[in-house]
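First comes the structure, then the notes that go with it.
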Amino acid sequence: MSSDRIIQGGDVMMIDWGVCHLNFCTDMKRVAYVLRPGETEAMPGVQNAFDQAMAARAVSRRAIRPGITARENMDRIGAALTAAGFNPIPFNEPTDGPQTDVTWEGHHSVGNLGHGIGPSIATWNPRRLTFEVVPTNLLSIELFAYTAVPEWGGAKLRVPLEDDAVVTERGAEWLYPANSRLLLIKSDPVAGRTVS
């Protein structure tokens, strides 16, 4: 949604996008922090929130197995996140507690559409929860992690992560090098604009 708000140092930005080519589509997200004048890295609370989201994504991806339904995979992922100390929550319902809340129920199929026709580990696709996950299925590993940022008075930052994976006999493996870092954008205080 467009607005007159000017992006400034200290802002966190997210982009959700994909590319379609030769009847194959991707679906991915990226997160960036706009550096304030004098900063060379993201504020610690923002970086920690990103790191927590990455840790939750690793737990979630490792829990996916072929040979069971998407619903059974959803249950495995929820149990693995809980065992790792995360707080599984319904979509967009973070708590006020200090733990990192995670909505992971959005791992969906990709292929000839950004949201493909195969099994989806996603509550918004109940029919596809009944499908068996098998090797060669393509999944977008998508989750949202909410972590308190001390510099924001403890308010939680929602970090969305999404990259594509292929299911193999070993589990879910990245289809391409998945995003592994918080992007940093340098601001130009003289011109009042941002540059990357």
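The values are calculated or read from the model by the stated rules, or taken from the named source; none is laboratory data. All values reported here derive from a predicted model rather than from experimental measurement. When we count neighbours, we look across all protein chains shown, and the Cβ atoms used for this are built from the backbone with ideal geometry, even at glycine. These accessible areas exclude ligands, DNA and RNA; they are computed on the full protein's heavy atoms, side chains included. Shrake-Rupley method; radii C 1.70, N 1.55, O 1.52, S 1.80 Å.
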**Request:** Can you work out which of the residues in the range 1-34 that are assigned to a loop (DSSP other than H, G, I, E, B) and of a type in the set (A, V, I, L, M, F, W, C) is farthest from R181 (Cα to Cα)?
**Result:** L22
**Message:** If I ask for residues that are within 15 Å of the chain's Cα centre (by Cα) and among the basic types (K, R), which ones from the range 51-94 would you list?
**Reply:** R57, R61, R62
**Message:** So the check is Cβ under 9 Å with 6+ separation or different chains; which pairs have a first residue in the range 160-174 that's aromatic (F, W, Y) and a second one that's not in a strand (DSSP E or B)?
**Reply:** W174/R61
**Asked** What about Q99, is it outside any helix (DSSP H, G or I) and either surrounded by fewer than 22 Cβ atoms within 10 Å (Cβ to Cβ) or under 19 Å from the mean Cα position of the chain (by Cα) (or both)?
**Response** yes
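Can you tell me which residue among P66, P37 is within 19 Å of H107 (Cβ to Cβ) and either in a loop (DSSP other than H, G, I, E, B) or open to solvent by 40 Å² or more (accessible area, probe 1.4 Å) (or both)?
Values: P37 fails: within 19 Å of H107 (Cβ to Cβ).
On inspection, the qualifying residue turns out to be P66.
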**Message:** Whether any residue in the range 71-93 is modelled with pLDDT of 95 or more, touching a Gly at 6+ places or on another chain (Cβ under 7 Å), more than 20 Å from P119 (Cα to Cα) and among the hydrophobic types (A, V, I, L, M, F, W, C) is what I want to check.
**Reply:** no
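Can you pull out the residues in the range 1-27 that are in contact with a strand residue (DSSP E or B) (Cβ under 8 Å, 6 or more places away or on another chain) and either at pLDDT 85 or above or loosely packed, with under 11 Cβ neighbours inside 10 Å (or both)? Spell out how you get there, then give the answer.
Going residue by residue through the range 1-27, those that are in contact with a strand residue (DSSP E or B) (Cβ under 8 Å, 6 or more places away or on another chain) are 7-19, 26-27.
I7, Q8, G9, G10, D11, V12, M13, M14, I15, D16, V19, listed by residue number.
Would you mind stating whether R71 is open to solvent by 60 Å² or more (accessible area, probe 1.4 Å) and either closer than 18 Å to S140 by Cα or not in a loop (DSSP other than H, G, I, E, B) (or both)? Outline the logic, then answer.
Values: open to solvent by 60 Å² or more (accessible area, probe 1.4 Å): yes; either closer than 18 Å to S140 by Cα or not in a loop (DSSP other than H, G, I, E, B) (or both): yes.
In short, yes.
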**Message:** Restricting to the range 28-52, name every residue that is more than 22 Å from L139 (Cα to Cα), of a type in the set (S, T, N, Q) and in contact with a strand residue (DSSP E or B) (Cβ under 7 Å, 6 or more places away or on another chain).
**Reply:** N48
**Request:** Working only within the range 40-58, note down all residues that are within 30 Å of T130 (Cα to Cα) and open to solvent by less than 20 Å² (accessible area, probe 1.4 Å).
**Result:** A53, A56, R57
**Asked** If we scan the range 119-126, do we find a residue that is farther than 30 Å from P44 by Cβ, in contact with an Asp or Glu (Cβ under 7 Å, 6 or more places away or on another chain) and open to solvent by 20 Å² or more (accessible area, probe 1.4 Å)?
**Response** yes
**Asked** Scanning the range 127-151 for residues that are surrounded by fewer than 20 Cβ atoms within 10 Å (Cβ to Cβ) and either among the basic types (K, R) or under 21 Å from the mean Cα position of the chain (by Cα) (or both), which turns out nearest to F91 (Cα to Cα)?
**Response** L129
**Request:** Give the range 79-96 a look and list any residue that's assigned to a loop (DSSP other than H, G, I, E, B), free of Cβ contacts under 8 Å to residues at least 60 places away in the same chain and buried (at least 16 other Cβ atoms within 10 Å of the Cβ), or say none.
**Result:** A84, F86, I89
**Complete:** Of the residues in the range 163-179, those that are in contact with a helix residue (DSSP H, G or I) (Cβ under 9 Å, 6 or more places away or on another chain) and either modelled with pLDDT of 95 or more or open to solvent by less than 10 Å² (accessible area, probe 1.4 Å) (or both) come to D163, A165, G171, A172, E173, W174
